[in-house]
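Heads up: the structure comes next, in structure tokens.
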Amino acid sequence: MKRSIFLALLASWLLSSAVLSAATHLGPFQRLVVLEEGRKKPLDTFARNLLKQFSGRASLAGMSASAWLARVFFTPEKTFDDKIFLVNQPDVLAAMGVEGEGRGRFSFSRLRPGLGRLHELAFQYANLQDSGKGRFENETLRLFYNVSAYYNLLEAFRSIQAGSAAHPDRQSASGLPAIVPLGGGPGEPWLSPAQVLAHGASLPATVQREISLLAQASRAYATGRKNDFGQALTAFNRSVQVRLGPQAVRSSKISMEIYYNHIDPFFKAELAYGLALLILLLSMALPRFRLDRLSALCLLGGSLAHTFGLIARMLIMNRPPVTNLYETFVFVAWTGVVMGLLMAWWQKTELGILAGGIAGIVFLAIAGRYSLDGDTLGMLAAVLDSNLWLTTHVVTISLGYAGCVVAGIFGHVVIIQKLLDPRSTAAAGTTRLLYAALAFGLAFTSIGTVMGGIWADQSWGRFWGWDPKENGALLIIIWCAILFHARLAGWIGQIGLAAGSIGAIIAVVMAWFGVNLLGVGLHAYGFTTGAARGLLAFVGGELLFLAVAVPLCKKNAAESGGNKAQ
Amino acid sequence: MTENKKRTISRLFRPLASLKLTVIALLLMAALVIAGTVYQAANGLYAAQEKFFASWIIWLFGILPLPGLLLAATLLFLNLLAATIFRLPYHWRQGGLLLVHYGLLLLMGGGFFIALTAQEYSLTLREGESSRLALRVDEQGIQIDRRPEKVVLPVGIKLLDFEKSMHPGTGIPRSFTSRVEITTGRTKRMAVISMNRPLRYREYTFYQSSYSEDGMGGESSTFSVVSNTGRWLPYIASAMLFLGLAVHFLGMLAAALKKSRPRGSEMP
């Protein structure tokens, strides 16, 4: 009874959106449809991606990204003091001649005196080869692009608000939201309001009426008439919707995406997983209070939000759960959590919660970092679109990755258990879980790889092409096969298997995004240098752990005379 | 065959079935896959294939011979073959695992067969052009030499129209489609070849490979043509793998559910 009440509370927190703004004046603003990178999306998503790109966060001091963007559009001067520009390196500020210490967020007015210097620097760095750019150069360019984008945003509605023709410099400004479809057809361009004004009298009457609605809305916002603002935008949305027809923009999908944005399910799931791990630690320290159940419930609650996020994305885009690198992180995290929950439930062990919580929190955190790069719901290139084999192949491989990762987490546990107590019987139980997870990983990676081969055969006429991603998957398969056969041959024992499963994690991360570092092949879909450094640090750390812990374990085992513990 | 002879054969071949040999062959393959992938980043796929993936022996610094992937794979294949004869536990309870190993055997054997027999050609047509002649290319679609071998296909193919479409407002391609007319013997028919949708005729398969525009509105489309009589082998092998894994894991799951352990016994 107590449990179900707790679960209900947790679920309602996870699925409630902090800003239920459909009823407020901002609702119609969020629902403006933008065409960006080939996808029609709500302005809310546009605003969130922009604010994340600027500041690394999806909201600003409790204000939603949409509320912030409305202020930028309609009352630009009021946003000069918003601290929205994340600067990761204080050196950039020093080079601009702006005072500031450490990594932080700075306002436009704070950066303003240094913008001339920033422009000069960016002008020099823009022509450098990628290999010639270091951290400092990249950070300078990033800040410059963000400030430039902000400049453009400031002008997005200015001419419309004033009722004058667009400023000639700003007519072709990129990065402005294309919210006005010029014609109705699928091939017709969508323009930003300033671009539409530049077209002048040649516009159809309906488009002209829509522009005047935008102008009304803009003036209403600036003078604080929130109701008029909402009504004008509602009328605009309706007019565009009628012009495009119901097939072009599904209003239900727009609503779904806004709801998804506001719930921010993956962030909440991450919090819940963190809470689960924290409670688990407490329960180990205070076994009397039986906190393990509570911890399992937190994990379960997080997984509900996580599942909701996955399903919402599938519904919004009408596609399977894994289609890009971002989604592999989210999906592998989800699989790890579900595996952990199943183990906790079936085997009655907290180790399931531990592995699930770690896999969930780590991969969602990586996904969160990755999402700063832009829209995570991008369109797919021709070669990746609509193929049953491809989609099942990617999903299956991701399941395999998750299996290996969970096995590797148990690998750490086994080694720690052996370090603490060389005769530990608990380690044998953990090894059983490790074995199951590794077998799961091997099976699904194999199936997924073979499915990828079938897809390649059907699309390109070859089953196997030695592409780095294929090689990565093959390496995981070979590595897991080595572990199973070496165990059978008696070459490795519990500790060897544990160490090997940590090797399997390394193989997985190398196959997963290590091959993207090589920058060759069909699967090399974009990667950042920061991630590369993190990856190398992780691999180095794991190798160090193995180099220190494994000999210690063996020494302990030899001293305690446990010859089986090899 | 006498009992004695049998024993001699068994003594000769049994070591080939050894588990330790499996591990060694697999370790060798893992090392070669890593080396070849890293080498590929610097020197390209073609060179990596020549040196690592399709080679029997790698000459390190020109003097030190190391096994190539072909050699390692052959070793593993023979090891697996010997294991299926001498070592694998023939018991119905191990049926899934047996099937997996037989599937692997077929997958590797099929791979060898296809590598020996399959041919790949390239065929480029302008809109309105028709041809039966395709150029021989290597596995990466690169022409083998300056005067490549030509082959007369059993079908005539005429490019009627090529179309490409992009996601609106971007340079991300959405689809490439070639409308063709194929002539086989005396009959003609229309067909469509597009990304992920090849055209098959007997052992030949036509894939949309690339396209080009001449800047004056004229378009040409390039197909890769693959002739592969062993095409179905990996499919059978894959089916055996799937089925074997499914049987094995369902069996394991059933066993695990049957003896669910008492609660709390496994805590550290």
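Here are the numbers for the structure shown:
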read-out	value
10 Å-binned pair-distance histogram of region A:365-485 (Cα, whole percent)	13, 31, 30, 18, 7, 1
Fluctuation leader among B:38, B:180, B:155 - chain B, Gaussian network, Cα springs under 10 angstrom	B:38
Cα convex hull volume per residue for the protein assembly as shown (Å³)	233 Å³
Bins of 10 Å, starting at 0 and running to the largest distance - Cα pair percent for chain B	6, 18, 23, 22, 17, 10, 3, 1
Angle between chain B longest axis and helix B:95-117 axis [Cα atoms, degrees, rounded to 10]	40 degrees
Net charge, residue A:489 excluded, C-beta distance under 14 Å - Lys, Arg +1, Asp, Glu -1	+3
For region B:1-66 versus region A:328-375, the gap between their alpha-carbon centres in whole angstrom	37 Å
Inter-part distance where region A:137-163 and region A:94-127 are each reduced to a Cα centre, Å	15 Å
Candidates B:224, B:209, B:175, ranked by Gaussian network fluctuation over chain B, Cα under 10 Å, top entry	B:175
Where Rh is the Kirkwood radius over Cα pairs, Rg/Rh for region A:247-290	1.41
Alpha-carbon Rg with Dmax, taken over region A:35-249, Å	18.7, 54
Shielding by partners - mean other protein chain Cβ count within 10 Å, residues of A:452-462	6
Modelled FRET efficiency - R0 41 Å, residue A:203 with residue A:94, Cβ distances, 0.05 increments	0.25
Cβ neighbours within 10 Å from other chains - mean over B:243-250	2
Exercise: per-residue mean of other protein chain Cβ atoms within 10 Å, A:473-486	5
Potential extension, residue A:314-residue A:12 segment - 0.36 nm per residue separation minus Cα distance	106.5 nm
Region B:1-103 - Debye-derived log10 I(q)/I(0), Cα point model, q = 0.14, 0.16 Å⁻¹	-0.68, -0.80
Backbone N within region A:54-89 under 15 Å of label point (7 Å from residue A:533 Cα along the Cβ vector)	A:87-89
Alpha-carbon centroid distance for the pair region B:70-107 / region A:403-475, whole angstrom	20 Å
Space enclosed by the convex hull of the alpha-carbon atoms of region A:450-521, per residue, Å³	89 Å³
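Here, each number is a calculation from the coordinates, and none is a lab measurement. Here the structure is a predicted model, which is why all the values come from computation and not from measurement. Don't worry about glycine lacking a Cβ; one is built from the backbone with ideal geometry, like all the others, and counts go over all protein chains shown.
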